[in-house]
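Beneath this line is the structure, given in structure tokens, with notes to follow.
The values are calculated or read from the model by the stated rules, or taken from the named source; none is laboratory data. This structure is a prediction, so every number in the text was calculated from the model and none was measured. For neighbour counting, all protein chains shown are included, and Cβ atoms are generated from backbone atoms with ideal geometry for every residue, glycine included.
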Amino acid sequence: MDLKSEVEVLAPFRLEPKFVQRIWGTADLRPWYDFVSDGKADPIGEVWLTGDDCKVVTGPLKGSTLGEVFAGHSKAMMGEGVPESAQGASPLLLKVIFAKEKLSVQVHPDDLRPPLRRMLVYACGGAGGGGRCGPQAGRDA
């Protein structure tokens, strides 16, 4: 398949978010999502918007995961100038964090991913409503 027809197959598509259980999460994700846990499973701590396990829900690639899309269509997704070592992997994990209490945000590099993967943390609100929103002056971002 040539690059032009590959791009046509890819554009546009919508992803289904992946709800990830964490012991520090919360049972009620409203108003962000219409989701309230039944209390039988661990609470939801993260919602991945662009994770490799997120499912494509529209278009010709419906049913594939985002990881499968990147593996099969790297050059069309990221362009021809991306190094070979970075081809086949999603460069961005975008997630919304739902925590009952304050958390320490830490970045753990994944040896299986290329150096092009980046992380941006943008926190809004917090336990008890006392959180800050976004990067703060005088702090590392």
Among the listed residues Leu29, Leu92, Leu120, Leu116, which satisfies the condition of being under 28 Å from Pro12 (Cα atoms), modelled with pLDDT of 85 or more and either in contact with a Gly (Cβ under 9 Å, 6 or more places away or on another chain) or not acidic (Asp, Glu) (or both)?
-> Leu29
So Thr58, is it assigned to a loop (DSSP other than H, G, I, E, B), of a type in the set (Val, Ile, Thr) and in contact with a helix residue (DSSP H, G or I) (Cβ under 9 Å, 6 or more places away or on another chain) | no
Report, by residue number, each residue of the range 62-93 that is in contact (Cβ under 8 Å) with a residue 24 or more places away in the chain, under 30 Å from Val36 (Cα atoms) and surrounded by fewer than 16 Cβ atoms within 10 Å (Cβ to Cβ).
-> Lys62, Leu92
Under 8 Å by Cβ, and 6 or more places apart or on different chains, what pairs join a residue from the range 21-32 that is free of Cβ contacts under 8 Å to residues at least 60 places away in the same chain and part of a loop (DSSP other than H, G, I, E, B) with one that is surrounded by 11 or more Cβ atoms within 10 Å (Cβ to Cβ) and not β-branched (Val, Ile, Thr)?
-> Ala27/Ser37; Ala27/Pro43
Would you pick out the residues in the range 1-26 that are aromatic (Phe, Trp, Tyr) and at pLDDT 90 or above?
-> Phe13, Phe19
Say whether the condition of being of a type in the set (A, V, I, L, M), under 19 Å from the mean Cα position of the chain (by Cα) and assigned to a strand (DSSP E or B) is met by at least one residue in the range 71-93.
-> yes
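Collect the residues in the range 33-52 that are surrounded by 13 or more Cβ atoms within 10 Å (Cβ to Cβ) and not in a strand (DSSP E or B), keeping them in residue-number order.
Restricting attention to the range 33-52, the residues satisfying the condition of being surrounded by 13 or more Cβ atoms within 10 Å (Cβ to Cβ) are 33, 35, 37, 42-52.
Result: Tyr33, Phe35, Ser37, Asp42, Pro43, Leu49, Thr50, Gly51, Asp52.
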